[in-house]
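Worksheet for the structure shown next.
The values are calculated or read from the model by the stated rules, or taken from the named source; none is laboratory data. Quick caveat, the model's predicted, so the values are computed rather than measured. Because the Cβ atoms are built from the backbone with ideal geometry, glycine has one as well, and the counts that use them run over all protein chains shown. SASA here: full protein model, heavy atoms, side chains in, ligands and nucleic acids out. Shrake-Rupley method; radii C 1.70, N 1.55, O 1.52, S 1.80 Å.
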Amino acid sequence: MNVRVRFAPSPTGYMHVGNVRTALFNWLFARGQGGVFILRIEDTDQQRHVEEAVEVITDGLTWIGMDWDEGPDIEGPYGPYFQSERLDLYHEHVDRLIADGGAYLCYCEAEGAAPESECHCRERHAAGDSLSPGLAVRLVNPGGRSEFDDIVGGHLSFENEQFGDYILVKSDGTPTYNFANVVDDNAMRVTHVIRGDDHVSNTPRQLMLYEKFGYERPKFAHLPQILGPDGARLSKRHGAASLTEYRDQGFLPEAFMNYLALLGWSPQGEREFMPPEELVAQFHLEDVRKSPAQFHIEKLVSLNSMYMETLEPGEKRRLASDALVKAGILDAESLGDPEMESYLDDIVEALGNRFRYGAQIVEFGAHFFADEVTIPVDLASYFAEDDVRCALAAAAESFENAPEWTEDAIESIVRGSASEAGLKAAPLIHGIRVALSGMTAGPSLFTLVRLVGPARSADRIRRALETFPAAAERK
RNA sequence: GGCCCCAUGGUCAAGUGGUGAAGACACCAGCCUUUCAAGCUGGAGACCCGGGUUCAAUCCCCGGUGGGGUCACCA
């Protein structure tokens, strides 16, 4: 039997990381099995589907590298792929159920019955009833138990009665999730339902429907939740629960996919750096853990830096410039400039593996694009000693008058200035670094000076000297 | 509260009725270096608790505790 799975988000205009992971496991499974991956938009509730919200989903999937075989933009044999366009199918199904006595009309809402009061509409069921405008439809709960073997969760069993005669079709004529889901999964020949484990208790509800329709039930795999760093279910309140935030931060899609795959699933071997093809090859639903996992960005960052090392210089530059533009540090127009491009290449090269994801260029490299830097006051001590100040001033002057501007030349200026002042090179080097970048860490000092340039370097050194007067001059 | 699920270092996560209980990220220390990062070397750190079953339980069973999910005319 050919594997067919679906990712069925509702168009909220927001790609939750947990949903992305659900999509990923569906995709990995489908690709690994040579199956079909369907994208279905569950927009029964929103009166009309907002095109933009669908784009958020398709853009997100595409960015991370997932493709689908059937979906809103790719017609397949079982479309349409918007639930809002499948109303006839649902109505046809519900009428069949009503006719069979498997469902009945509910007049509560229409007659303004108190919401808390029990529904007795089941007793009003009459032969010949059919779906009618303004009336909701409820399932006749068959009682008994619903059981199934979840690929991840193992054997699960529920008392049907606890779900009552739940609503199948709302009084506005739209189907509820549990109903539409069963109809569509069956109609679309879905073989495996892979979804978040917040749906486990929906499964018995749906199973009752499969029974009533006499449909073959798909296999189920319920994925454990993704938790935030505090152990609570990952949500917007954690700040970074949306896919777009990671894209905006300049993370690489392969790294993000890799990290997400490792959340709740682990490969057989010890290798964790796994590009998409390898994930597809190794992924097995059976290896998915039952327990929820916390999303910690550190490991994502670490994986991302591994992927960064596989990038071409130009790609890294692109990542850097995107982040700089986003941060308002660079004008988009200046990007085409070949001089700027090579400057960016130089900076990225200098930063090396310190540059672990796009947005870090702003953190570590903003000073390369600034007119002046602000030095944190707690670094004032770098400018406290008289001999250092003296060497700093000398170096500044030599920078301006340097006949050539190579790292070797810079190095000899720096070392020369230090020894003339009777200093070791280190304190001078540290002072210059702080003056130029406002930081104590970074690339080789000589590279730093070279990139900042003679005039700016001299200027920043003098400014630092002014900002932080010598210890003796302070009262 | 009812129902369902989960429980190995800070996090991810292997694993077994008898183990020195993997590995990764993070962390600490040393080396290296002009700083940081990287690299190398070393280090600290875990089987939720209580009962059983067993010659032996992290692993099996029961209970508890803790966490999560779900109880809509939302999905």
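Among the residues of segment A:148-202, just one is touching a Cys at 6+ places or on another chain (Cβ under 8 Å) and within 26 Å of A:Tyr78 (Cα to Cα), namely A:Ile167. Residue pairs whose Cβ atoms lie under 7 Å apart, sitting 6 or more positions apart in sequence or on different chains, and linking a residue in segment A:221-232 that is under 25 Å from A:Arg6 (Cβ atoms) to a partner that is open to solvent by 30 Å² or more (accessible area, probe 1.4 Å) and more than 7 Å from RNA strand B (Cβ to nearest atom), are A:Ala221/A:Ile151.
Specify the residue that is farthest from A:Tyr166 (Cα to Cα); the eligible residues are those in segment A:106-127 that are charged (D, E, K, R) and exposed (fewer than 10 other Cβ atoms within 10 Å of the Cβ). So the residue we want is A:Glu111. Limited to segment A:298-314, what total is found for residues that are closer than 22 Å to A:Val348 by Cβ and within 10 Å of RNA strand B (Cβ to nearest atom)? Total meeting the criteria: 7. Within segment A:260-293, the residues that satisfy the criterion of being within 7 Å of RNA strand B (Cβ to nearest atom), open to solvent by 30 Å² or more (accessible area, probe 1.4 Å) and assigned to a loop (DSSP other than H, G, I, E, B) are A:Leu262, A:Ser266, A:Glu270, A:Glu272, A:Arg289, A:Lys290, A:Ser291, A:Pro292. For residues that are open to solvent by 30 Å² or more (accessible area, probe 1.4 Å) and either in the same structural domain as A:Arg289 (by TED's automatic domain parsing) or not small (Gly, Ala, Ser) (or both), scanning just segment A:204-222, find the one that is nearest to A:Glu159 (Cα to Cα). So the residue we want is A:Arg205. Scanning segment A:248-257 for residues being in a helix (DSSP H, G or I) and more than 13 Å from A:Met66 (Cβ to Cβ) gives a total of 2. The residues on offer are A:Leu61, A:Leu89, and the sole one that is within 26 Å of A:Leu262 (Cβ to Cβ) and touching a helix residue (DSSP H, G or I) at 6+ places or on another chain (Cβ under 9 Å) is A:Leu61. Taken over segment A:175-203, residues that are in a helix (DSSP H, G or I) and open to solvent by 10 Å² or more (accessible area, probe 1.4 Å) amount to 10. Of everything in segment A:141-182, what is aliphatic (A, V, I, L, M) and in contact with a Lys or Arg (Cβ under 8 Å, 6 or more places away or on another chain)? Give them in sequence order. Listed by number, the residues that qualify are A:Ile151, A:Val152, A:Ile167, A:Leu168, A:Ala180. For segment A:128-140, does any single residue satisfy the condition of being open to solvent by 50 Å² or more (accessible area, probe 1.4 Å), within 23 Å of A:Ala180 (Cα to Cα) and touching a Phe, Trp or Tyr at 6+ places or on another chain (Cβ under 8 Å)? Scanning segment A:128-140, I find at least one residue that is open to solvent by 50 Å² or more (accessible area, probe 1.4 Å), within 23 Å of A:Ala180 (Cα to Cα) and touching a Phe, Trp or Tyr at 6+ places or on another chain (Cβ under 8 Å), so the answer is yes.
Among the criteria (1) without any contact (Cβ under 8 Å) to a residue 60 or more places away in the chain; (2) within 9 Å of RNA strand B (Cβ to nearest atom), the one A:Asn160 does not fulfil is (2).
Taking each residue of segment A:192-204 that is over 16 Å from A:Val20 (Cα atoms) and looking for partners that are more than 8 Å from RNA strand B (Cβ to nearest atom) and of a type in the set (Val, Ile, Thr) with beta-carbon atoms closer than 8 Å, six or more apart or interchain, yields A:His192/A:Val3; A:His192/A:Val5; A:His192/A:Ile151. Among residues of segment A:227-260 being over 12 Å from the mean Cα position of the chain (by Cα) and hydrophobic (A, V, I, L, M, F, W, C), the one that is modelled with the highest pLDDT is A:Leu227.
A single member of A:Glu466, A:Glu407 is among the acidic types (Asp, Glu) and either within 16 Å of RNA strand B (Cβ to nearest atom) or surrounded by 14 or more Cβ atoms within 10 Å (Cβ to Cβ) (or both), and it is A:Glu407. Picking from residues in segment A:50-78 that are open to solvent by less than 50 Å² (accessible area, probe 1.4 Å) and in a loop (DSSP other than H, G, I, E, B), the one that is farthest from A:Leu168 (Cα to Cα) is A:Gly65.
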